[in-house]
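Student: Please find one structure pasted underneath; my questions will follow.
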Amino acid sequence: MTADMSRVGGPALVRGPARRRTSVAVLARWWRGGAATLVFLLPMLLVFGLFSWWPIARTVVMSVQDTNLVGPAEWVGLDNFRTVLADPLLPVALRNTAVFAGIAFVVGYPVPLVMAVVFSSLRRLRGLYAGLAYLPVVVPPAVAVLLWKTFYDASPDGVFNTVLGWVGLGPVPWLESASWVLPSLVMEATWAAAGGTVIIYLAALTSVPQELYDAASADGAGVLGKIWHVTLPHLRPVLLITLILQIIGTAQVFLEPYLFTGGGPSHASLTLLLLIYEYAFGSTTGGGAYGPATALSLMMAVGLALLSWAYFRLTRGWSD
């Protein structure tokens with residue numbers, strides 16, 4: 001009887017500790033497999049969701065509501081989108097934004113690349129010039145605007161007009177003319193933001209093998225030939241990324257037209273983001289139109305997302 005009980009109870013006594021050891025091993029593997037990482041990332045994910053994804057979700061909800069952010073919201077469906085599409089200022093803002101982005105592409109996009117190529121060819125004081133190029137990035141935007149407003153004084157005694165007068169040109173009505181206001185804003189925006197892109201290009205240029213330049217020199221290539229056949233092909237992936245970033249950034253231009261002109265003169269510098277601000281807080285449209293503001297924001301976000309998707313699809317093979 002005792003022998004039978006030992007045969008019956010023995011395996012049971014062994015099975016319990018073995019099962020516990022197996023459970024501990026499984027739990028340890030699960031913890032090592034990513035649970036520990038998830039626990040450490042959880043605070044960041046909560047903060048990111050609260051300040052990034054939650055506003056996006058609220059934008060989608062508010063785009064179909066009529067609300068003053070205080071009282072109860074009223075469901076209006078697609079009325080906010082119809083209001084935005086029927087607004088005569090929308091084509092004006094869309095055209096101004098496209099013109100600003102086009103001028104920034106033609107004028108502002110090559111500037112950092114040229115500066116980076118020039119700086120990389122210097123044997124001395126390269127870091128000093130790179131630091132000076134980056135200096136405008138750290139200047140507070142309000143200070144930069146006050147500074148450039150002085151430069152853009154339309155009188156003959158203005159800084160830029162005085163310089164133009166030395167060569168028999170000007171005066172130019174920089175911010176007071178519908179024809180000059182957008183190029184003027186592009187000049188200041190390029191000055192303020194080019195330094196960061198210069199640093200990116202300088203870092204990318206360090207990966208170009210010197211042997212390729214030596215081979216190009218042996219083949220008789222000049223400076224422009226080296227840039228075209230050696231530098232630009234190696235910078236192609238970086239150039240493609242900075243191009244889409246500039247397109248997205250210029251499509252969302254707000255600071256310059258808001259601080260310089262407030263959208264004037266005669267809505268000549270009114271952009272899409274400034275129109276969104278006017279819907280919600282401005283005096284031109286009366287303000288308080290949070291539904292149309294969020295509707296236009298959502299339309300703009302979807303448009304930029306589709307543009308980015310198409311851009312990466314079209315340039316997928318170019319970055320190799």
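Student: Nearest 500 deg cm²/dmol is fine: what mean residue ellipticity at 222 nm does the chain get from its DSSP H runs of n ≥ 4 alone, each adding -39,500 (n - 2.57), divided by its residue count?
Tutor: Taking each H run of at least 4 residues, the total per residue is -21500 deg cm²/dmol.
Student: Before anything else, pin down the relative contact order of region 71-203: Cα pairs under 8 Å, at least 6 apart, normalised by residue count, whole percent.
Tutor: With pairs under 8 Å counted, the relative contact order is 32 percent.
Student: Compute the semi-axes of the equivalent ellipsoid of region 67-220, taking the square root of 5 times each eigenvalue of the Cα gyration tensor, and list them largest first in whole Å.
Tutor: After scaling each eigenvalue by five and taking roots: 40, 26, 17 Å.
Student: 5 Å is the cut-off here: which amide hydrogens, built 1.01 Å from N in the peptide plane, fall below it relative to GLN65, excluding neighbours closer than 5 in sequence?
Tutor: Those qualifying (amide H under 5 Å, at least 5 residues apart or on another chain) are VAL76.
Student: Nearest 10 degrees, 0 to 90: what angle lies between the long axis of helix 36-48 and the longest principal axis of the chain (Cα atoms)?
Tutor: Approximately 40 degrees, to the nearest ten.
Student: Of PHE40, PHE260, THR231, whose Cα points farthest to the positive end of the dipole of the chain (charges on the beta-carbon: +1 Lys, Arg; -1 Asp, Glu; origin at the Cα centre)?
Tutor: In the chain, that residue is PHE40.
Student: Excluding the sites themselves, what is the longest stretch of the chain that contains no chymotrypsin sites (Phe, Trp or Tyr not before Pro) in a DSSP loop with at most 15 other C-beta atoms within 10 Å?
Tutor: Longest stretch, sites excluded: 1-253.
Student: Give the distance, in whole Å, between the Cα centre of region 233-284 and the Cα centre of region 40-84.
Tutor: First find each Cα centre; the distance between them is then 22 Å.
Student: Can you tell me the accessible area per residue over region 166-320, all protein chains present, probe 1.4 angstrom, in square angstrom?
Tutor: Value for region 166-320: 51 Å² per residue.
Student: If you bin every alpha carbon distance in region 149-275 into 10 Å steps from zero, what whole percent lands in each bin?
Tutor: 11, 28, 23, 22, 13, 2
Student: Of VAL143, GLY303, PRO171, which is farthest along the charge dipole of the chain in the positive direction, counting Lys and Arg as +1 and Asp and Glu as -1 at C-beta?
Tutor: The one lying farthest along the dipole's positive direction is GLY303.
Student: Oh, and also: Could you check how much of the accessible area of the chain is carbon and sulfur, as a whole percent, using a 1.4 Å probe?
Tutor: 70 percent
Student: Just to verify a number: FRET efficiency for THR162 and TYR311, C-beta to C-beta distance, R0 = 35 Å, to 0.05?
Tutor: 0.25
Student: Mind pulling up the Rg/Rh value for region 53-143? Radius of gyration and Kirkwood radius, both on Cα.
Tutor: Reported Rg/Rh, Kirkwood definition of Rh: 1.24.
Student: How much length would be gained if the chain were fully extended between LEU38 and PHE254, taking 0.36 nm per residue of separation minus their Cα-Cα distance, in nm to one decimal?
Tutor: 74.0 nm
Student: Also: Can you give the FRET efficiency to the nearest 0.05 for ILE200 and ARG95, using r as the Cβ-Cβ distance and R₀ = 45 Å?
Tutor: It comes out at approximately 0.90.
Student: Give, as a single signed number, the net charge of other residues whose beta carbon lies under 15 Å from the beta carbon of THR271, with Lys and Arg counted +1 and Asp and Glu -1.
Tutor: Around THR271, the charge tally is -3.
Student: What is the Cα coordinate range of region 108-166 on the first, second and third principal axes, sorted by size from largest, in whole angstrom?
Tutor: 42, 29, 22
Student: With θ set to phi - 60° and the Karplus curve 6.51 cos²θ - 1.76 cosθ + 1.60, what are the ³J(HN,Hα) couplings of region 62-79 in order, to the nearest whole Hz, using x for Gly and Pro?
Tutor: After applying 6.51 cos²θ - 1.76 cosθ + 1.60, I find 5, 5, 10, 10, 10, 9, 10, 6, 10, x, x, 7, 10, 6, 10, x, 8, 4 Hz.
Student: I need the Kirkwood Rh of region 199-255: take the reciprocal of the average 1/r across all distinct C-alpha pairs and report it in angstrom.
Tutor: Roughly 12.9 Å, rounded to one decimal.
Student: Then there is this: On the first, second and third principal axes, largest extent first, how far apart are the outermost C-alpha atoms of the chain in Å?
Tutor: For the chain, the Cα extents along the three principal axes come out at 120, 72, 36 Å.
The values are calculated or read from the model by the stated rules, or taken from the named source; none is laboratory data. Note that the coordinates shown come from a computational prediction; the quantities given were computed from them, not determined experimentally. So basically every Cβ, Gly included, is an ideal-geometry build from the backbone, and we count neighbours across all protein chains shown. Surface accessibility is based on the protein's heavy atoms, side chains included, excluding ligands, DNA and RNA. Shrake-Rupley method; radii C 1.70, N 1.55, O 1.52, S 1.80 Å.
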